[in-house]
Amino acid sequence: MKAFTAPLLELAEFDTIQKTKSTGNRGMIQIAGSTGSQKSHLAYALSGDGRRILYILADEEKAKEVLEEYQFLDGEVLFYPAKDFLFYRADIRGKYLVKQRMEVFRALKEEENVTVITTIGALMDGVRPPLK
């Protein structure tokens, strides 16, 4: 996949972002100006050094679109869905959503390099604390 990220290494702007990332500051970096699949491409290129990436989108339709784009670059990306309140208690759909959400929590606990794509609505859903 280095063929996909190599052109970014030649850009001065990308170099500036890399330097900002490497200063050791923890937190968020806001990047503006990229459009469409450029966002997924840039996020993938920046995530290569063992960091956790949380990619938050406004709605689930856009999140699933970005998930498909990102899976082309990295098959290990995870999707954290929102609870579908109409079908959440239904057997098939509800269990699948719970499974997806638990896979994200497992990966965050056990893996160092994790990319999660989600929506604002999914982050607003409450999660019960672990049982002791």
query = Pick from segment 44-65 the residues that are farther than 15 Å from Thr20 by Cβ and assigned to a helix (DSSP H, G or I): which of them is modelled with the lowest pLDDT?
reply = Tyr44
request  = Write out, first by first residue and then by second, each pair whose Cβ atoms fall under 7 Å of each other, whose residues are 6+ apart or on separate chains, and whose first residue, in segment 56-67, is under 12 Å from Lys39 (Cα atoms) while the second is open to solvent by 30 Å² or more (accessible area, probe 1.4 Å) and among the hydrophobic types (A, V, I, L, M, F, W, C).
outcome  = Ile56/Ile120; Ile56/Leu123
ask   = For segment 123-131, does any single residue satisfy the condition of being within 26 Å of Phe4 (Cα to Cα), out of contact with any Leu (no Cβ under 6 Å at 6 or more places or on another chain), of a type in the set (A, V, I, L, M, F, W, C) and modelled with pLDDT of 85 or more?
value = no
message = For the condition open to solvent by less than 60 Å² (accessible area, probe 1.4 Å) and of a type in the set (A, V, I, L, M, F, W, C), what is the one hit in Ala82, Ala32?
response = Ala82
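The values are calculated or read from the model by the stated rules, or taken from the named source; none is laboratory data. Keep in mind that this is a model prediction, so the values were computed, not measured. Here the Cβ is made from the backbone with ideal geometry for all residues, glycine too, and neighbour counts use every protein chain on show. To get the accessible areas, we keep the full protein, side chains included, count just its heavy atoms, and leave off ligands, DNA and RNA. Shrake-Rupley method; radii C 1.70, N 1.55, O 1.52, S 1.80 Å.
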